[in-house]
Amino acid sequence: MKRKCLSEGEKSRLCLIMIFAVSAVLMSAAILHAAGYLVYPGDVNTDRHVDVSDGVLLARFCIEDKTVRITDEGVANADANEDGEISTDDMSYLLRMIAFQVPMSKNPYLTEPRPGTTSVPDITTAAETTTTQESTTETTETTVQTETEPLPETTTEAQSEVLIADQRELPLGRSISVLNRDAQPNETLTVYYQNGNIIFSIFAAEPEKTTVAFAFQDDIFGYYTFCSDYTAPEGYDVTEFRDQQKGNALYAVLVQKSGLSIAFPNLAEGVEMTVHGKLAYYATNGVRAINGMNGFIWDEELAKVAMLHSREMADNNFCEHESFDGTKFSDRLLNNGIDWQACAENIDYGYRDPFSAVNGWYNSTKGHRSNLLHEKCTRIGVAFAYNPESDHDYYGTQDFYRGWSD
């Protein structure tokens, strides 16, 4: 079967239809009041490139989206057609630029240094190593941390800051679209927190370098990333994850801008915690990768079974592998349609984020680590549940199995 190619006229008409459709919803204009920058028309997010991400940001700005933040330099660049105003005309012109219907603006940064840029400060933020405390039951360990404040309603101007992890430079205070230039994320997830959405962009093409970026109102405010060495800028809180069974060697860090947090207590009321199970999955596969093992396959049906048990533990204020009615976990899998050849399970309570939960299982001396590094199981499902009236608030279940056809 041959592909039917559009004529140049058809292409132009299609592009114009898209431009008019976008322009129809943009009804406001803003007078341009900015100066003192190297102007790069169209580079609204100031990442030194003009692409679709700039168009999205400009559209949000034109419709007066209260959550969008554009730097003074970005406002200057938003005047794509250089007529002295920011309006829907700039949106149309920017789309034409991206579609190569009008000349792309000259990039001044290809020949000149960006004004005001400075080198990344060589400062390593002091951090406390995550510790664990053995439970008296067949559960994993709990971690007690200082309570964090909810996400603030507003944040400060985006800053050009960088987290350095094993010589990889990870930008902070920039649009999350910046990360997509070098590689497409394996998955992008959104979680609703008390004062706004947080986007998790996951890069796991190389599992041993798994990196999860956190963005609030499109700005990157932190990372979870695998590394053996790091340098974090001032103003960021760092939690180190270390392998207590391998000389306390650093294997990952959780870096978050002070005042912002992905901790469970900051979740919006009533939010289901299914996304956090997926984050724990990527962290688990990263742990397997640094131990020379292949990753598990995510199994959605298994994750649903894990959620049933996490929810059951949270609602009934207990933490055991057996269900509340005494059903063994292996039978619970069978009863929910998981026909296993081999299976295993980890559970926990009290952890405040999915990465700390995985670290607790990984550093456990009660068999949880063996399950993470299981050689026979091939599939995984993870889920967390919350009950503020229970003794430990947050409960997690991590199920593994190998099917007969695997």
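Please work out how much length the chain gains when fully extended from Ile63 to Glu389, using 0.36 nm per residue of separation minus the C-alpha to C-alpha distance, in nm with one decimal.
Stretched fully, the Ile63-Glu389 segment lengthens by 113.1 nm.
Using a 1.4 Å probe on the protein chains only, how many percent of the accessible area of segment 65-108 belongs to carbon and sulfur?
The nonpolar share, carbon plus sulfur, comes to 49 percent.
Is the C-alpha gyration tensor of segment 194-235 telling us rounded, prolate or oblate? Criteria: a/c under 1.5 is rounded; beyond that, a/b larger than b/c is prolate, otherwise oblate.
It is oblate, given that a/c is not under 1.5 and a/b is not larger than b/c.
Rounded if a/c is under 1.5, else prolate if a/b is larger than b/c, else oblate: which is segment 218-277, with a ≥ b ≥ c the root eigenvalues of its Cα gyration tensor?
Oblate shape, in that a/c is at least 1.5 and b/c is the bigger or equal ratio.
Carbon and sulfur: what percent of segment 249-406's accessible surface (1.4 Å probe)?
45
Kindly write out, for segment 247-263 in residue order, the coupling ³J(HN,Hα) from the Karplus curve 6.51 cos²θ - 1.76 cosθ + 1.60 (θ = phi - 60°), rounded to whole Hz, with x marking Gly and Pro.
So the J values, rounded to whole Hz, are x, 6, 6, 5, 10, 6, 9, 10, 10, 9, 4, 4, x, 10, 7, 9, 4.
Hey, what do the phi angles of segment 334-346 turn into as Karplus ³J(HN,Hα) couplings, whole Hz, using 6.51/-1.76/1.60 and θ = phi - 60°, x for Gly and Pro?
Once θ is set to phi - 60°, the couplings for segment 334-346 become 4, 5, 10, x, 9, 8, 8, 9, 9, 8, 7, 8, 10 Hz.
Can you check what the net charge comes to around Asp339, using other residues whose Cβ is under 14 Å from the Cβ of Asp339 (Lys, Arg +1; Asp, Glu -1)?
So the surrounding residues net to -2.
Kindly provide the GluC sites (Glu not before Pro) of segment 253-315 that DSSP labels as loop, not H, G, I, E or B, and whose Cβ sees at most 11 other Cβ atoms within 10 Å.
Answer in residue order: Glu269.
Take the alpha carbon gyration tensor of segment 243-339, find the square roots of its eigenvalues, order them as a ≥ b ≥ c, and report rounded if a/c is under 1.5; if not, report prolate when a/b exceeds b/c, else oblate.
Note, shape of segment 243-339 comes out oblate.
Using a 1.4 angstrom probe on the protein heavy atoms only, could you order Lys257, Lys209 from most to least accessible area?
Ranked from most to least accessible, the order is Lys209, Lys257.
The values are calculated or read from the model by the stated rules, or taken from the named source; none is laboratory data. Everything numeric in this text was worked out from a predicted model, so none of it was measured. With ideal geometry, Cβ positions are generated from the backbone for all residues, glycine too; neighbour counts draw on all protein chains shown. Accessible surface areas use protein heavy atoms only, side chains included; no ligands, DNA or RNA. Shrake-Rupley method; radii C 1.70, N 1.55, O 1.52, S 1.80 Å.
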